[in-house]
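Worksheet for the structure shown next.
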Amino acid sequence: MKDRQAEQPPRDLQVVDDDIDLARLWGTLVDHKRVIALVTAAAVIIGFGYLFQADPVYQADALLQVEQRETGIPGLSDEVDDLFGTQNPTDAEIEIIRSRMVLGTVVDELRLDLRVEPKPASLAHFWRHLSDPQRLVEAVRGIRPAENAIITGGWGESGRTLRVAHFRVPEEMLGQEWTLRVLGSDHFQLWLEDSLVIEGPPGEELTSTDGRVELRLLQLDAPTGSEFRLLRLARWQAIEWLRSGLSVSERGRDTGIVYLTMKGEHPQRIRAVLDAIARTYLLQNIERRSAEAAKSLAFLEEQTPRIRGQLDAAEQRLNQYRTRSESVDLSLETQAVLDKMVEVEARLSELQLKESELRRLYTRQHPNYKALLQQRGSLEAERARLDKQVQSLPQTQQEILRLTRDVETNQAIYLQLLNRAQELEILQAGTVGNVRIIDGAQVDPRPIAPRGGLVLALSGLLGLAASITGVFVAGAMKQTLESPEQLESEGLPVYAVVPRSNALERLEQQETRRWRLPLERLERRPLLAHSHPGDLAVEALRSLRTSLHFAMLGADTKVVMITGASPGVGKTFVTANLGVVLAQAGKRVVVIDGDLRKGYLHVYFGASYRRGLSDYLAGDQGAAEGLVRHTSIPGLDIVPRGEAPPNPSELLLQPRLQALLDTLDRDYDYVLIDSPPALAVTDAAIIGNAAGTTLVVARFGVNTIREMDLCRRRLAREGVVVRGCIFNALERRAANSYGYYAYYQYRYGEAPNAVRSGNAYQDSPEVANPASDSKVS
C-alpha cells in the first residue's frame, strides 16, 4: 500500500570526524579491563616460567697491564729511539690474547674441546622448585645456586660427578651429542641417538665394536638412572666457543690497562678459563721477551768482535803515528772538534745497527725506515761539516785528529755493546716480560642475566602493550553497532534506545533452570513489562510509546510492523512488551505474530500457537472464530502464528491478510505485527505493504551499519518505507558513556524507596510501582 506510506526522509549527510576521542579510547580500555589484566598476568607468568627454566649467566673479570717497550734493538740510545717514537702496544696485545695461539693453549690445557653436562632436570624437579617460596624469591632476585663444575674433562656437583680421562671419536662425529646413562656405580652405557655404542664399568679403556670410539672414565659417582650429555668438539670449534664468551678491551685511552671478561653459565668454569687465559698470555709474553733478548744478544755477540778488531787497529795506527811524529798533542780547539766528531760517529754507528734491525722488519718505504734515513743524512751532513773544519788545521793535527777520532769512536761503541750484552744476559736469565697480572679472575656471585625484576617488568609491559594493541585492533575491525548515533548518521531515525535488562536475564535463567530446557524451547517466557514495570528497558519502551505517535504521522492506518535485519535482534521482545506498555496506558492493542515460520510471540502470553494466523489465511473457518485471543493484561489481545505452513509467503499474499488488518484497525487503537527478519525472507516486505508504519529493530553488538542499510534498501525496493529504528540491548560500557548512556544514569519518576540491582530497578515491597507514561529524559 504505497499510497499509505509517507515519503522516505532524505538521508543525512555523514560528517566524518577525524578527531581522536580520548574519552572513548579510555572507555574502550575500561570495558576490556579484564582481558587486559588477564593478558598482562599471563605475560608475567610466562616471565616467571622463563626465570625458572633459563640458565643463569655469570661473569668473571681480570685486569692486566701492558707496559710500553722500546722498538728495535734494546740497549741503543734514547735519542735514536726518539726518532721513531714509542707505539701503544695495547691493540696488538688484545689481538694476541684473542689469537688461536693463546686460546688454543687454554683449550688444550683445560680440555675445553670436551663438554660434559647433566641432562636437564625432570618436570617433577621443576615443580619442587616452583613450590618452594624461597626459590620463588631467589628467581625474582636473580639468585641461582652455582654448580661446582669440573672443567678438566668432566662435571661435578652435589650428588653427581663424572670425570672423563679419555674420549676419542672420529672426525666426522665431532660436534655430535652423546648420552651417557648410569646403570649403577660400576656400570654405564654410551649412546649416540638410539644406538648403543659402548657399555662397561668406569676406570677401564672401553672401545666400540668398530674400534672408532674410545672412552675411559676416571670417576663416576651418580645415582642410577642419571644421564649426562657428552660433546666432543673440534679444536677450532672449542676456540671459537671460547672466543665468543671472551671480551677484551682497554680501559681508558693509551693506559695499557687491559680488562678481560668471560661470560658463562658455570662460575667455577669461567673463572678457571679466564685465569688460564691470563696465565697463558703472560707466559707467552715472557717467552717472547726472552726470545727477543736472545736474538738481540746473538746479534750483539756477532758485532762485538768486529768492533773490537776495529778498535785495536785504530789504536795501533794512532800509536805508530805518534811514534813517527814524536807525540804531537792536540790543541783545545782541535780537542773540541774531536769530541763532536766522536759523538757524531757514535750516533751514526748506532743508526747503522738500527738499520740492520729495521731492514728485517720493514721496507725502505716504511715511515720508521724513512725517519732513520733522514736522521742519518743529517748526521752525515754534520760529519761533512766537521771534516771541512778539520781540513783547515795543519797536516799533523789533521792526522792526529783522525786517528784519535777512530780510536775513541770504536772504544765508545765497543763499551756500549758490552754493557748492553750484559743487560740482555740478565734479562734472558730473569725472564721478565712487559705484561703483569694486576687482578686475577674473580666471579660476581650474582648472575648478570636473567635479571628477575627486569624480566618480570618487561613481561608485564609487553603483555600490557600487546593486550591494549589487541583491544584497539579488535575494536577497529569490529563493525557492529555500538551507539544510536551510527544509525542516525546513516539517515535512520532512532525512536527508542532499549537498554539491556539484567532483570530479564535473571528471569530467563530461572526459567531455564526450573524447566531444564533451553530458552528457545520454553513454553512460557517472562514478560518484563508485566513482571518488572519499573525496569529501565520498560521505561525505554514507554518513551517509544510516546515517539510512536510521531512515527505514525501521515499513515492512514494504525498498523505497525516491527521487523529486523537478522534473527536474534529482539523484535519479538520489543513487540510483546510494547503491546503491554500501550495497554497499560489505556489503549486497546492487538499484537500479531506475523512470523509464520518460527514465531514464538505466544509464549510471552501463555497462549497456544495453534489455530492462528496461518490457519486463518489458509481458509480454516474454525480458526477465524477464535483467531483473536484475550490475554491476562486488560486491553491487550494476541493473534498467534498458527501451524507452520509450507508456503508462508504465498499465504501472506492472500487478500484475507489485508481484510484482517482492516478489521483490526477499526477495532483497536494499535495493531502491532511481529514480522520475520527482512534480510532472511520476503515475508517482511509483504507485511510491510499491508502496514501503515514500519520500524526496524537493531541490536547492540550484533547488527552492522551495512546490514541496516541493506535492510532499508531491500524494503524500499518492495515499496516499504522504514520510518525509523529501535536500538535494542544497549550495554553499559565506558566507551559509550555519552548521549543515550543517560538511561543508566537517570530514571524519571523513580520512587524514593527504589532499590537498584545491577542495571535494573526494583521497588521495595512496601512501595507500589505503577506503570508510568512519561518519557525517559
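A few notes on this one:
Rundown of residues vs (1) of a type in the set (Asp, Glu); (2) open to solvent by less than 20 Å² (accessible area, probe 1.4 Å); (3) under 25 Å from GLN237 (Cα atoms), yes/no style:
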site: MET173; (1), (2), (3): no, no, yes
site: LEU180; (1), (2), (3): no, yes, yes
site: LEU183; (1), (2), (3): no, no, no
site: ASP186; (1), (2), (3): yes, no, no
site: GLN189; (1), (2), (3): no, no, no
site: LEU192; (1), (2), (3): no, no, yes
site: VAL213; (1), (2), (3): no, yes, yes
site: LEU217; (1), (2), (3): no, yes, yes
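- Among (1) farther than 22 Å from ILE638 by Cα; (2) of a type outside the set (S, T, N, Q); (3) open to solvent by 20 Å² or more (accessible area, probe 1.4 Å) - the single one ALA565 does not satisfy: (3)
- Conditions (1) over 58 Å from the mean Cα position of the chain (by Cα); (2) modelled with pLDDT under 95; (3) basic (Lys, Arg): number failed by ARG588: (2)
- Output for the range 219-235, where each listed residue is over 13 Å from THR161 (Cα atoms), surrounded by fewer than 20 Cβ atoms within 10 Å (Cβ to Cβ) and not aliphatic (A, V, I, L, M): GLY225, ARG235
- Of all the criteria given as (1) touching a residue at least 24 places away in the same chain (Cβ under 8 Å); (2) in a helix (DSSP H, G or I); (3) surrounded by fewer than 15 Cβ atoms within 10 Å (Cβ to Cβ), the one not satisfied by LEU657 is (3).
- Verdict on LEU136 being buried (at least 16 other Cβ atoms within 10 Å of the Cβ) and either out of contact with any strand residue (DSSP E or B) (no Cβ under 9 Å at 6 or more places or on another chain) or modelled with pLDDT under 75 (or both): yes
- For the range 441-478, the candidate set comprises residues that are crowded, with 18+ Cβ neighbours inside 10 Å and small (Gly, Ala, Ser); within that set, the residue that is farthest from ARG706 (Cα to Cα) is ALA441.
- Within the range 376-392, being open to solvent by less than 40 Å² (accessible area, probe 1.4 Å) and modelled with pLDDT of 80 or more holds for GLY377, LEU379.
- Checking each residue in the range 619-641 for being in a loop (DSSP other than H, G, I, E, B), surrounded by fewer than 16 Cβ atoms within 10 Å (Cβ to Cβ) and among the small types (Gly, Ala, Ser) picks out GLY619, GLY626, SER632.
- Residue, nearest to THR694 (Cα to Cα), within the range 455-514, restricted to residues that are assigned to a loop (DSSP other than H, G, I, E, B) and of a type in the set (Ser, Thr, Tyr): SER483
- The single residue among ALA23, ALA42, ALA62 that is open to solvent by less than 100 Å² (accessible area, probe 1.4 Å), in a helix (DSSP H, G or I) and either at pLDDT 90 or above or of a type in the set (S, T, N, Q) (or both) turns out to be ALA42.
- Residue match in the range 140-147 (condition: within 26 Å of GLY264 (Cβ to Cβ) and either of a type in the set (S, T, N, Q) or at pLDDT 95 or above (or both)): no
- Residues of the range 687-707 that are surrounded by fewer than 24 Cβ atoms within 10 Å (Cβ to Cβ) and outside any strand (DSSP E or B): ASN689, ALA690, GLY692, PHE700, GLY701, VAL702, ILE705, ARG706, GLU707.
- Contacts under 9 angstrom Cβ, first residue in the range 553-566 being within 18 Å of ALA496 (Cβ to Cβ) and among the β-branched types (Val, Ile, Thr), partner in a loop (DSSP other than H, G, I, E, B) and open to solvent by 10 Å² or more (accessible area, probe 1.4 Å), 6 or more apart: VAL560/MET552; THR563/PRO677
- Count of residues meeting criterion [touching a strand residue (DSSP E or B) at 6+ places or on another chain (Cβ under 7 Å) and either within 18 Å of MET552 (Cα to Cα) or of a type in the set (A, V, I, L, M, F, W, C) (or both)] in the range 701-723: 9
- Failed condition for PRO445, given (1) closer than 29 Å to ALA276 by Cα; (2) modelled with pLDDT under 80: (2)
- Residue that is modelled with the lowest pLDDT [pool: residues in the range 148-171 that are touching a Ser or Thr at 6+ places or on another chain (Cβ under 9 Å) and buried (at least 16 other Cβ atoms within 10 Å of the Cβ)]: ILE150
- Any chance GLY252 is open to solvent by 50 Å² or more (accessible area, probe 1.4 Å), out of contact with any Gly (no Cβ under 8 Å at 6 or more places or on another chain), in a loop (DSSP other than H, G, I, E, B) and small (Gly, Ala, Ser): yes
- Test result for ALA238, within 30 Å of GLN68 (Cα to Cα) and outside any strand (DSSP E or B): no
- Filter result (within 15 Å of the chain's Cα centre (by Cα), of a type outside the set (Gly, Ala, Ser) and closer than 19 Å to LEU51 by Cβ) within the range 446-503: PRO450, LEU454, VAL455, LEU456, LEU458, LEU461, LEU462, LEU464
- Which numbered condition ALA238 fails, given (1) within 36 Å of the chain's Cα centre (by Cα); (2) open to solvent by 60 Å² or more (accessible area, probe 1.4 Å); (3) of a type outside the set (Lys, Arg): (2)
- Pairs with Cβ under 8 Å, 6+ apart, first in the range 572-599 and open to solvent by 10 Å² or more (accessible area, probe 1.4 Å), second among the charged types (D, E, K, R) and assigned to a helix (DSSP H, G or I): ALA585/ARG545; ARG588/ASP667; ASP595/ASP683; ARG597/ASP683
- Set GLN411, GLN428, GLN422, GLN395: member being modelled with pLDDT under 75, of a type outside the set (A, V, I, L, M) and either in contact with a strand residue (DSSP E or B) (Cβ under 9 Å, 6 or more places away or on another chain) or surrounded by 14 or more Cβ atoms within 10 Å (Cβ to Cβ) (or both): GLN428
- Residue selected from the range 491-543 under the condition acidic (Asp, Glu) and surrounded by fewer than 19 Cβ atoms within 10 Å (Cβ to Cβ), by the criterion nearest to ARG699 (Cα to Cα): GLU505
- For the range 97-121, the set of residues classified as open to solvent by 60 Å² or more (accessible area, probe 1.4 Å), under 36 Å from the mean Cα position of the chain (by Cα) and without any contact (Cβ under 8 Å) to a residue 60 or more places away in the chain consists of PRO120, ALA121, listed by residue number.
- Residues in the range 515-540 that are assigned to a helix (DSSP H, G or I) and farther than 16 Å from HIS602 by Cβ: TRP515, LEU528, ALA529, SER531, LEU536, ALA537, VAL538, GLU539, ALA540.
The values are calculated or read from the model by the stated rules, or taken from the named source; none is laboratory data. Just so it is clear, the structure is predicted and the values come from calculations on it, not from any experiment. Methodologically, a virtual Cβ is constructed for each residue, glycine included, from the backbone with ideal geometry; neighbour enumeration extends over all protein chains shown. These accessible areas exclude ligands, DNA and RNA; they are computed on the full protein's heavy atoms, side chains included. Shrake-Rupley method; radii C 1.70, N 1.55, O 1.52, S 1.80 Å.
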